[in-house]
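Structure record follows, encoded as structure tokens.
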Amino acid sequence: MQEIQVISVKRRLLGHLSVLLTMCVWATTYVSTKVLLTSFTPPQILVIRSALALLVLSLINPKKLVYQQKRDRVFVVLAGFCGIFLYYFLENTALIYSSASNVGVIVAAAPFFILLASRLILKEEKLKKNYFIGLVLSMGGIVLLTYESSAQLAFNPFGDLLALLAIMVWALYTVLTRIIGRKGYSNLLVTRSMFFYGLLGHLLVLLVQGEGLDVNLAASAPYLPHFLFLGLVASAVCFLSWNFGLRTIGPIKSSFYLYLSPIITIAVAFLFLGERMSRTDAVGTGLILAGLLISEYHRGG
């Protein structure tokens, strides 16, 4: 019994580490995305990124995913459509109409919607006081960090609505992944299948917009490293590690690591771009960490 408990503790620690490393990577993807946006549109980037992820996951394990029940396939299709396609489509479109600051603040509320979805669908989470205290503190920190990068938060109803829909879709993806994980399917095979259905969505957008893919340009020296990073590391590896975290520590504990994204972004900017952290950044960082600790302390390891 004690040996089983030790294995369980190690597995949970590995789950926390997997989610933390995932957030560290996802918080730095903006650098590669900004480089690629000089020559590619968002749908083109997402198609190549998803295709690379699907390719590497297929090479690692080409076995066919055999479903125990027909509805399990529906869960996987919906998860791929929501998490791989629709979330990124809504978020990228929101950035066209609204500022990055606005979108950053709204997306930071994802843990609340994940908790709500988990409570309504999975029946495994309760809305308690410390969670809301942590949410308010962390959101206050997010507002300070994003406000620092812009003169003001100028809200655009349409763009902000798209950002709100994006985090609702991500919450649904998180819950669907949790349901699939309970059924004992291979994490790699499920993630690979999700990318297949997500890629179909990105290809549909590309087709509707009448855009093509310049493969030679994508494979050129200035862009290839960025596509490889986004496709292989930020997509294939990180979705595997994120989904593993959902299976081991649950959707709520995993989602709270989303609050660390702006902190990691600031650290990367400081280390690699020479940008200094202001007092406002420091206060915002402190609020986010305080909110995270309060919520995690209340919920337990």
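The values are calculated or read from the model by the stated rules, or taken from the named source; none is laboratory data. The structure displayed is predicted, hence computed values, not measured ones. When we count neighbours, we look across all protein chains shown, and the Cβ atoms used for this are built from the backbone with ideal geometry, even at glycine. Protein only, heavy atoms only, side chains kept; ligands, DNA and RNA dropped before computing areas. Shrake-Rupley method; radii C 1.70, N 1.55, O 1.52, S 1.80 Å.
Quick one: which residue in GLY134, GLY198 is under 22 Å from TYR257 (Cβ atoms), modelled with pLDDT under 80 and either in a helix (DSSP H, G or I) or within 17 Å of the chain's Cα centre (by Cα) (or both)?
GLY134
With the structure loaded, tell me whether LEU213 is modelled with pLDDT of 90 or more and either surrounded by fewer than 21 Cβ atoms within 10 Å (Cβ to Cβ) or touching a strand residue (DSSP E or B) at 6+ places or on another chain (Cβ under 8 Å) (or both) or whether it fails that test.
Against the criterion (modelled with pLDDT of 90 or more and either surrounded by fewer than 21 Cβ atoms within 10 Å (Cβ to Cβ) or touching a strand residue (DSSP E or B) at 6+ places or on another chain (Cβ under 8 Å) (or both)), LEU213 does not qualify.
Go through the residues of the range 120-131 one by one and say whether even a single one is modelled with pLDDT under 70, within 28 Å of ARG182 (Cβ to Cβ), of a type in the set (A, V, I, L, M, F, W, C) and surrounded by fewer than 17 Cβ atoms within 10 Å (Cβ to Cβ).
yes
If VAL283 satisfies every condition in (1) modelled with pLDDT of 70 or more; (2) open to solvent by less than 50 Å² (accessible area, probe 1.4 Å) but one, which is the exception?
Failing condition for VAL283: (2).
Under 8 Å by Cβ, and 6 or more places apart or on different chains, what pairs join a residue from the range 109-124 that is more than 12 Å from THR174 (Cβ to Cβ) with one that is outside any helix (DSSP H, G or I) and of a type in the set (Lys, Arg)?
ARG119/LYS126
If we scan the range 193-204, do we find a residue that is closer than 25 Å to ILE60 by Cα, surrounded by fewer than 20 Cβ atoms within 10 Å (Cβ to Cβ) and without any contact (Cβ under 8 Å) to a residue 40 or more places away in the chain?
no
Sort through SER193, SER220, SER261, SER254 and tell me the only one that's of a type in the set (Gly, Ala, Ser), modelled with pLDDT of 90 or more and part of a helix (DSSP H, G or I).
SER193
Restricting attention to the range 153-190, and to residues there that are small (Gly, Ala, Ser), modelled with pLDDT under 85 and surrounded by fewer than 23 Cβ atoms within 10 Å (Cβ to Cβ), which single residue is farthest from PHE244 (Cα to Cα)?
ALA154
If you scan the range 29-63, which residues turn out to be in contact (Cβ under 8 Å) with a residue 24 or more places away in the chain, open to solvent by 30 Å² or more (accessible area, probe 1.4 Å) and in a loop (DSSP other than H, G, I, E, B)?
Across the range 29-63, the qualifying residues are SER39, THR41, ASN61, LYS63.
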